[in-house]
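Inspection log for the structure reproduced underneath, given as structure tokens.
The values are calculated or read from the model by the stated rules, or taken from the named source; none is laboratory data. Here the structure is a predicted model, which is why all the values come from computation and not from measurement. When we count neighbours, we look across all protein chains shown, and the Cβ atoms used for this are built from the backbone with ideal geometry, even at glycine. In case anyone asks, the SASA skips ligands and DNA or RNA and just uses the protein heavy atoms, side chains included. Shrake-Rupley method; radii C 1.70, N 1.55, O 1.52, S 1.80 Å.
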Amino acid sequence: MTSFGFGRELVDRAEGAWVYMRDGTRVLDLSGGVGVLNHGHNHPRILAARRRFAEAQRMEVHKAFFSPYLAALSHNVAELLPGDLSISYFPNSGAEANEGAVKMAYKYHGGKRNTILRADISFHGKTLGAGSLTGSAENNFRFPGLPNIVVYPYGDIAALRAAVAAARREDGGCDVYAIMVEPYSASSLRCWSETALRELRELCTAEDIVLIYDEVYTGWGKTGTLFYFMRHEGVTPDILTYSKSLGGGKASISGYTARERLFRDSYDRLSDVILHSTTYYGFGEETATAIEAVNVVVEEDFPGRARDIERVLAPGLERIRQRHPDVVREVAGVGSLHGLLLGGGPKILDLAAKLVPGFSGDRQFRTKLVTLSVIAHLYRQHRIMTYYSPNAENPLMVAPTLMIQKEELEHFLEALDATLAKGLRRLLTSFVREKVAS
Ligand SMILES: Cc1ncc(COP(=O)(O)O)c(C=O)c1O
């Protein structure tokens with residue numbers, strides 16, 4: 001964080017798209033809390049729901065009693081999702097949601113299938129299981145994890161088909177119990193094509209493979225539809241995982257929703273009912289908060305807001321790319337999730353990478369330095385907070401809350417333009433000078 005220039009100041013409070021600092025300044029938050037803040041900081045309806053729950057002394061924890069909060073949240077999520085996605089679990093992190101989904105898929109096949117497929121570019125969390133399914137550069141040290149993971153190239157249905165064919169058992173049966181897919185990869189700003197998703201759905205149905213979509217980042221309106229996959233008809237997964245803005249920016253709650261038949265075949269018998277649970281699963285105030293968070297997503301039309309943001313950001317960033325082609329190689333994104341792939345900078349930096357401890361051999365060193373210097377300048381000179389993805393080609397991420405106003409987006413675009421107009425040499429020099437001084 002200190003590399004960006006953040007992390008040395010203390011925050012007083014936050015509201016909407018703004019963070020107010022103790023020194024009296026304020027920062028425009030274009031990070032969107034990395035997916036958590038679709039509702040913005042401290043949405044009044046979220047605060048009120050939590051206050052109501054606390055003041056009425058509602059119950060947080062007791063698995064012996066029926067929880068109306070769990071039932072209502074489950075019901076509402078099922079109403080919003082297509083097909084027969086209707087049975088939900090609510091743990092507390094994206095990684096737990098993905099691990100719960102994978103466990104259910106494995107149990108569905110009664111332990112008879114042993115292979116799971118994940119993409120080369122993927123992010124599913126950092127616990128041992130989810131971490132072993134994560135292919136991002138963030139995960140450069142391999143811990144032990146799930147056995148029999150086969151990696152396929154992101155979005156490549158032909159390669160995936162070949163991987164499934166290669167996982168035939170001697171008796172001719174398919175050995176793949178699940179395929180992990182991010183229909184839109186937030187960390188690399190890539191997507192599966194509609195045709196490929198359709199073929200994937202058909203393949204999984206034909207082979208009885210459990211299709212798991214991870215929409216932990218992209219859910220709850222972020223990309224212009226409730227979930228990214230919902231922009232296409234007929235590509236519904238068997239299990240959907242989500243988190244982040246489900247908690248309205250206040251509650252640590254995630255979820256996964258399965259097709260009813262899948263759930264019943266996996267766990268719906270007395271001997272199996274407690275095979276999967278966690279202590280804080282469905283915790284009272286977290287669940288009550290999530291009910292209100294989902295209400296706000298629907299009633300304040302978050303998908304529509306994301307499309308409005310795209311209408312400003314997509315052409316705005318493209319104009320900036322055209323004005324600064326020496327630095328901005330590419331812009332990509334959807335809804336309120338955008339990024340700029342930066343490049344340029346003197347080649348000598350590649351040489352410098354060999355000398356900087358911890359970076360030797362990092363082919364992305366120059367890109368990272370360029371991107372960090374732009375982020376740092378935006379923060380220091382314009383009080384605007386962005387971030388960069390540590391994965392894939394390290395895009396500079398612009399992923400604001402859905403509550404952001406058009407004028408605030410335009411202010412950001414002007415500031416980015418002014419920053420790049422400084423010239424890379426000056427940006428890099430002042431960034432490196434500041435680093436050396438600190
Ligand atoms: C797509 C995706 N999946 C899973 C996760 C893991 O979520 P958590 O950090 O809550 O475990 C993330 C977190 O950024 C994510 O973006």
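Conditions (1) part of a helix (DSSP H, G or I); (2) buried (at least 16 other Cβ atoms within 10 Å of the Cβ); (3) in contact with a helix residue (DSSP H, G or I) (Cβ under 6 Å, 6 or more places away or on another chain); (4) outside the structural domain of Val370 (by TED's automatic domain parsing), marked per residue:
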site: Val294; (1), (2), (3), (4): yes, yes, yes, yes
site: Arg305; (1), (2), (3), (4): yes, yes, no, no
site: Asp308; (1), (2), (3), (4): yes, yes, no, no
site: Arg311; (1), (2), (3), (4): yes, no, no, no
site: Leu317; (1), (2), (3), (4): yes, yes, no, no
site: Arg321; (1), (2), (3), (4): yes, yes, no, no
site: Pro325; (1), (2), (3), (4): no, no, no, no
site: Val331; (1), (2), (3), (4): no, yes, yes, no
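So, in region 169-206, how many residues would count as being more than 14 Å from the ligand (Cβ to nearest atom) and either under 12 Å from the mean Cα position of the chain (by Cα) or not in a loop (DSSP other than H, G, I, E, B) (or both)?
Residues in region 169-206 being more than 14 Å from the ligand (Cβ to nearest atom) and either under 12 Å from the mean Cα position of the chain (by Cα) or not in a loop (DSSP other than H, G, I, E, B) (or both): 18 in total.
With Arg142, Arg58, Arg161 as the choices, which residue is open to solvent by 60 Å² or more (accessible area, probe 1.4 Å), free of Cβ contacts under 8 Å to residues at least 12 places away in the same chain and not acidic (Asp, Glu)?
On the way: Arg58 fails: free of Cβ contacts under 8 Å to residues at least 12 places away in the same chain; Arg161 fails: free of Cβ contacts under 8 Å to residues at least 12 places away in the same chain.
Of Arg142, Arg58, Arg161, the one residue that is open to solvent by 60 Å² or more (accessible area, probe 1.4 Å), free of Cβ contacts under 8 Å to residues at least 12 places away in the same chain and not acidic (Asp, Glu) is Arg142.
Would it be correct to say that Val273 is on the phi < 0 side of the Ramachandran plot and surrounded by 21 or more Cβ atoms within 10 Å (Cβ to Cβ)?
Numbers: on the phi < 0 side of the Ramachandran plot: yes; surrounded by 21 or more Cβ atoms within 10 Å (Cβ to Cβ): no.
When the stated conditions are applied, Val273 does not pass them.
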Item to complete: Report yes if some residue within region 263-276 is touching a residue at least 12 places away in the same chain (Cβ under 8 Å) and within 14 Å of the ligand (Cβ to nearest atom); otherwise report no.
Response: no
Fill in: For Ser136: the one exception among (1) open to solvent by less than 50 Å² (accessible area, probe 1.4 Å); (2) within 16 Å of the ligand (Cβ to nearest atom); (3) modelled with pLDDT of 95 or more
(3)
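How many residues are outside any loop (DSSP other than H, G, I, E, B) and within 16 Å of the ligand (Cβ to nearest atom) when one looks only at region 224-233?
Within region 224-233, the first condition is being outside any loop (DSSP other than H, G, I, E, B), and the residues that meet it are 228-231.
Keeping just the survivors that are within 16 Å of the ligand (Cβ to nearest atom) gives 228-229.
The qualifying residues number 2.
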Fill in: Of the criteria (1) over 18 Å from Val36 (Cβ atoms); (2) in a helix (DSSP H, G or I); (3) more than 22 Å from the chain's Cα centre (by Cα), which one Thr279 fails
(2)
Worksheet item: Can you find a residue in region 383-390 that is assigned to a loop (DSSP other than H, G, I, E, B), in contact with a Pro (Cβ under 6 Å, 6 or more places away or on another chain) and either modelled with pLDDT of 90 or more or not basic (Lys, Arg) (or both)?
Response: yes
Worksheet item: If Ile209 satisfies every condition in (1) under 21 Å from the mean Cα position of the chain (by Cα); (2) open to solvent by less than 10 Å² (accessible area, probe 1.4 Å); (3) away from the ligand (no atom under 16 Å from the Cβ); (4) among the β-branched types (Val, Ile, Thr) but one, which is the exception?
Response: (1)
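Look at Gly221 and say whether it is away from the ligand (no atom under 12 Å from the Cβ) and crowded, with 22+ Cβ neighbours inside 10 Å. Let's see the steps before the verdict.
Values: away from the ligand (no atom under 12 Å from the Cβ): yes; crowded, with 22+ Cβ neighbours inside 10 Å: yes.
Yes.
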Worksheet item: Can you pull out the residues in region 29-60 that are in a loop (DSSP other than H, G, I, E, B), over 25 Å from the mean Cα position of the chain (by Cα), hydrophobic (A, V, I, L, M, F, W, C) and at pLDDT 95 or above?
Response: Ala56
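Does Thr401 qualify as being surrounded by 14 or more Cβ atoms within 10 Å (Cβ to Cβ), part of a loop (DSSP other than H, G, I, E, B), touching a Gly at 6+ places or on another chain (Cβ under 7 Å) and among the hydroxyl-bearing types (Ser, Thr, Tyr)?
On the way: surrounded by 14 or more Cβ atoms within 10 Å (Cβ to Cβ): yes; part of a loop (DSSP other than H, G, I, E, B): yes; touching a Gly at 6+ places or on another chain (Cβ under 7 Å): yes; among the hydroxyl-bearing types (Ser, Thr, Tyr): yes.
Judged against the criteria, Thr401 is a match.
Quick check on my filter: what residues within region 64-80 are in contact (Cβ under 8 Å) with a residue 12 or more places away in the chain and open to solvent by 10 Å² or more (accessible area, probe 1.4 Å)?
So the first thing to find is which residues in region 64-80 are in contact (Cβ under 8 Å) with a residue 12 or more places away in the chain, and the list is 67, 69-70, 72-74, 76-78, 80.
Selection gives Ser67, Tyr69, Leu70, Ala72, Ser74, Asn76, Ala78, Leu80.
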